[in-house]
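The values are calculated or read from the model by the stated rules, or taken from the named source; none is laboratory data. Worth saying up front: this structure is predicted, and the values here are computed from it rather than measured. For neighbour counting, all protein chains shown are included, and Cβ atoms are generated from backbone atoms with ideal geometry for every residue, glycine included.
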Amino acid sequence: MSDNLKPQYENAKDDLDKFRKTVETAINELDFVPKESQVGARQLVDIGKSQLSEFEKEWSIRHQQQPASEDLLGAFINRMALERGKLSILMERAIYRKNLGILESQLALQKSALTKEALETTLRPQINFELQKLSILEAKQRLDPDEQQRAAIHKNNLKIYQEMLSGQRPYAPLYLVNSAVVEEQAIQDIDRRLANL
């Protein structure tokens, strides 16, 4: 094999390994996809498995019939990248789900059984801060889109703090609560996309 083809062979081999791992991750993620999104997810996985089988056969032929041309190896690598892209939605879902699991573990550790007085002392300044920011924004006659978004964030924060104060939800740092919500929303968005495939 010529020296200039060695990197292409290595790249093709590495990309085939990556594609194999992508398919494995996508297969594992099927266990966590809700029922209404299963058909779309399973269809993606079945296509991925079929493509993996084809790529492995092609790699075996290319590897045995060395040297292949640089163009053929490049096309092989590009096709694998394209097919990996189709499975990326399940890869993203696996990442968001893993992140959510980490955040939920942190939330469980952070949740504190504060007394009513301690909870009031902890939350009152934060509630007052949100109320102050909201009143400043609401005093304006007209809010631009950026200000409307900030007002929505302050309202949401205030709602969460009030739920904590009333005992509707356990106390936990707001950044963890909001981070978990972001991951949950990302997973729900992916599940809606999968249901519409």
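Against the condition out of contact with any Cys (no Cβ under 8 Å at 6 or more places or on another chain) and within 23 Å of Val182 (Cα to Cα), how does Leu5 come out, does it pass?
no
One line per residue, one yes/no per condition, for (1) out of contact with any strand residue (DSSP E or B) (no Cβ under 8 Å at 6 or more places or on another chain); (2) touching a residue at least 12 places away in the same chain (Cβ under 8 Å); (3) over 15 Å from Ile187 (Cβ atoms):
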{"position": "Ala41", "(1), (2), (3)": "yes, yes, no"}
{"position": "Gly48", "(1), (2), (3)": "yes, yes, yes"}
{"position": "Leu72", "(1), (2), (3)": "yes, no, yes"}
{"position": "Gly85", "(1), (2), (3)": "yes, no, yes"}
{"position": "Leu90", "(1), (2), (3)": "yes, yes, no"}
{"position": "Arg97", "(1), (2), (3)": "yes, yes, no"}
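So Gln141 passes all but one of these: (1) surrounded by fewer than 16 Cβ atoms within 10 Å (Cβ to Cβ); (2) touching a Lys or Arg at 6+ places or on another chain (Cβ under 7 Å). Which condition number does it fail?
It is condition (2) that Gln141 fails.
Just checking, how many residues over region 144-197 are over 20 Å from Ala108 (Cα atoms) and among the small types (Gly, Ala, Ser)?
Matching residues across region 144-197 total 4.
Do we have any residue at all in region 13-33 that's surrounded by fewer than 18 Cβ atoms within 10 Å (Cβ to Cβ), assigned to a loop (DSSP other than H, G, I, E, B) and not hydrophobic (A, V, I, L, M, F, W, C)?
So far as region 13-33 goes, no, none of its residues is surrounded by fewer than 18 Cβ atoms within 10 Å (Cβ to Cβ), assigned to a loop (DSSP other than H, G, I, E, B) and not hydrophobic (A, V, I, L, M, F, W, C).
Looking at the structure I just gave you, is Asn178 touching a residue at least 40 places away in the same chain (Cβ under 8 Å), surrounded by fewer than 17 Cβ atoms within 10 Å (Cβ to Cβ) and under 30 Å from Ala41 (Cα atoms)?
No, not satisfied.
Which condition number in (1) surrounded by fewer than 16 Cβ atoms within 10 Å (Cβ to Cβ); (2) under 21 Å from Leu176 (Cβ atoms); (3) within 20 Å of the chain's Cα centre (by Cα); (4) hydroxyl-bearing (Ser, Thr, Tyr) is the one that Ser112 fails?
Every condition holds for Ser112 apart from (3).
At pLDDT 90 or above and buried (at least 16 other Cβ atoms within 10 Å of the Cβ): does that describe Ile153?
Here the answer is no, as Ile153 does not meet what is asked.
Within region 1-37, work out how many residues are farther than 14 Å from Ala94 by Cα and in contact (Cβ under 8 Å) with a residue 40 or more places away in the chain.
15
Assuming Gln132 fulfils every condition listed in (1) surrounded by 12 or more Cβ atoms within 10 Å (Cβ to Cβ); (2) more than 30 Å from Ile27 (Cα to Cα) apart from one, which condition is it?
Condition not satisfied by Gln132: (1).
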